[in-house]
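The values are calculated or read from the model by the stated rules, or taken from the named source; none is laboratory data. Please read all numbers here as calculations on a predicted model, not as lab measurements. Here Cβ is always computed from backbone atoms with ideal geometry, including for glycine, and neighbour counts include all displayed protein chains. Ligands, DNA and RNA are excluded from the accessible area calculation, which covers all protein heavy atoms including side chains. Shrake-Rupley method; radii C 1.70, N 1.55, O 1.52, S 1.80 Å.
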Amino acid sequence: RFTSPHPADFTDELLETMVDCPAVCNHVHLPVQSGSTRILRAMRRGYTREGYLEIIGKIRAAARPIAVSTDLIVGYPGESERDFEDTLTLLDEVQYDSAFSFKYSPRPDTAAGLLEDDVPDGEKGRRLSLLQERQQMIQTAKNSRWVGRVVEVLVEGKARRRMALAGRTSDNRIVNFDGPETPPGSFAEVEITGFGPNSLKGVRVP
């Protein structure tokens, strides 16, 4: 599984290599941090919103489907309501399969640590809640489309709740399923029977 390349380093050649190599999973974690070009420049990320979306467009147009996840930060120093809205609209445009999101907090020995942490913590919390709610809606809608399909799952072990086993698909979706005991590291064919925002559930196909 290829994860966390910097968007500035995600070249056409790299994407072609992913598509052409069967051993690489159908998933890439492409951190964006913010949907606002102004904030991306303040973060010194080395790309713009438009440049990032161009990469996403190429991934979506690839010869095989590739799921995309990301990292997001809210409340970076100087982030305005407009900047935050740009991040929300980025979620709508990209339709991430999953996202890790956090409130900004100062860290020592970083350029951002020299900036005034001027977004109140309560406002950071509000923005984070709105962002996570929006992403949960996107994930629920995307996961609902898997019901009735049979997927290959790499078994990781016992499920945490109710279902017997848990594993992941090539595109990094968590699947909890019932069926015969299957050792971790094995592959299983699973028919998807249900879904939530963060995982799928199903039954192993004999």
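Think of a 1.4 Å ball rolled over the protein heavy atoms: the chain then has 54 Å² of accessible area per residue. Per-residue extension of 0.36 nm, minus the Cα-Cα distance of A62 and E13, leaves a gain of 16.4 nm for this segment. GNM on the chain, alpha-carbon springs under 10 angstrom: the most fluctuating residue among F84, F102, F187 is F187. Which loop-located GluC sites (Glu not before Pro) does the stretch 74-122 contain, where loop means any DSSP state but H, G, I, E or B and the Cβ has at most 11 other Cβ atoms within 10 Å? Taking the stretch 74-122 and a limit of 11 other Cβ atoms within 10 Å, the loop GluC sites (Glu not before Pro) found are E116. Each principal axis of the Cα atoms in the chain has its own extent, and those three values, largest first, are 58, 40, 31 angstrom. The magnitude of the dipole of the stretch 31-100, with charges of +1 and -1 set on the Cβ of Lys/Arg and Asp/Glu and taken from the Cα centre, is near 360 debye.
Applying the criteria of a DSSP loop state and at most 12 other Cβ atoms within 10 Å to the trypsin sites (Lys or Arg not before Pro) of the stretch 145-189 yields R145, R149, R160, R161, R162. Taking a straight line from the alpha carbon of K58, these lysines sit under 25 Å away, with near neighbours fewer than eight places off in the same chain left out: K142.
For F195, the accessible area of its heavy atoms, probed at 1.4 Å with every protein chain present, is near 100 square angstrom. Ligands, DNA and RNA left out, the accessible area of the stretch 76-152 computed with a 1.4 Å probe is 52% carbon and sulfur. Near L15, once Lys and Arg are set to +1 and Asp and Glu to -1 for all other residues with Cβ below 14 Å from its Cβ, the sum equals -3.
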